[in-house]
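S.K.: Handing you this structure, nothing more for now.
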Amino acid sequence: DGKIPRPPNSFFLFRPVVRDYASHKKMSYNYEGERIILTSNQNYLGKVASVLWNRLSKPHKDKFKELSEEIKKKHLLENPGYRYSPKKPK
């Protein structure tokens, strides 16, 4: 459809790291008697990633922010006229 995706911000670069770690360690937990596997439930994975992001030290967050800025610069070079313009709901 010709739509150019937005470059990811630092949190969206961090979230797959959490997913991969949870997958590698086969992380799950019990919630109200139900076993929840983090990698198969994106809602819970997002919540866990959010909590971890808020607890992450500034130097670690800065690494993800630097990576995000590099990707943003590359995105601008590849798409020189790009400007984010979301479609407003009718």
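S.K.: Checking the conditions here, which among 6, 15 is open to solvent by less than 70 Å² (accessible area, probe 1.4 Å), at pLDDT 80 or above and either on the phi < 0 side of the Ramachandran plot or not in a helix (DSSP H, G or I) (or both)?
M.R.: 15
S.K.: Being under 30 Å from residue 2 (Cα atoms) and among the β-branched types (Val, Ile, Thr), is that true of even one residue in the stretch 27-46?
M.R.: no
S.K.: For the stretch 18-33, which residues satisfy the criterion of being open to solvent by 100 Å² or more (accessible area, probe 1.4 Å), on the phi > 0 side of the Ramachandran plot and not basic (Lys, Arg)?
M.R.: Residue satisfying the conditions is 32 alone.
S.K.: Can you tell me which residues in the stretch 38-86 are free of Cβ contacts under 8 Å to residues at least 60 places away in the same chain and of a type in the set (A, V, I, L, M)?
M.R.: 38, 45, 48, 49, 51, 52, 56, 67, 76, 77
S.K.: Could you check the stretch 34-59 and list, in sequence order, the residues that are surrounded by fewer than 10 Cβ atoms within 10 Å (Cβ to Cβ) and of a type outside the set (Asp, Glu)?
M.R.: 35, 43, 54, 55, 57, 58, 59
S.K.: When you scan the stretch 60-82, do you find a residue that is of a type in the set (S, T, N, Q), within 21 Å of residue 19 (Cβ to Cβ), open to solvent by 80 Å² or more (accessible area, probe 1.4 Å) and not in a loop (DSSP other than H, G, I, E, B), even just one?
M.R.: no
S.K.: What are the residues in the stretch 1-30 that are among the β-branched types (Val, Ile, Thr) and farther than 13 Å from residue 53 by Cβ, if any?
M.R.: Listed by number, the list holds a single entry, 4.
The values are calculated or read from the model by the stated rules, or taken from the named source; none is laboratory data. The structure presented is a predicted model; accordingly, all values stated were derived computationally and were not measured. As a convention, Cβ positions derive from the backbone with ideal geometry for all residues, glycine included, and neighbour counts pool all protein chains shown. When the accessible area is computed, the model is the full protein with side chains, heavy atoms only, and any ligands, DNA or RNA have been set aside. Shrake-Rupley method; radii C 1.70, N 1.55, O 1.52, S 1.80 Å.
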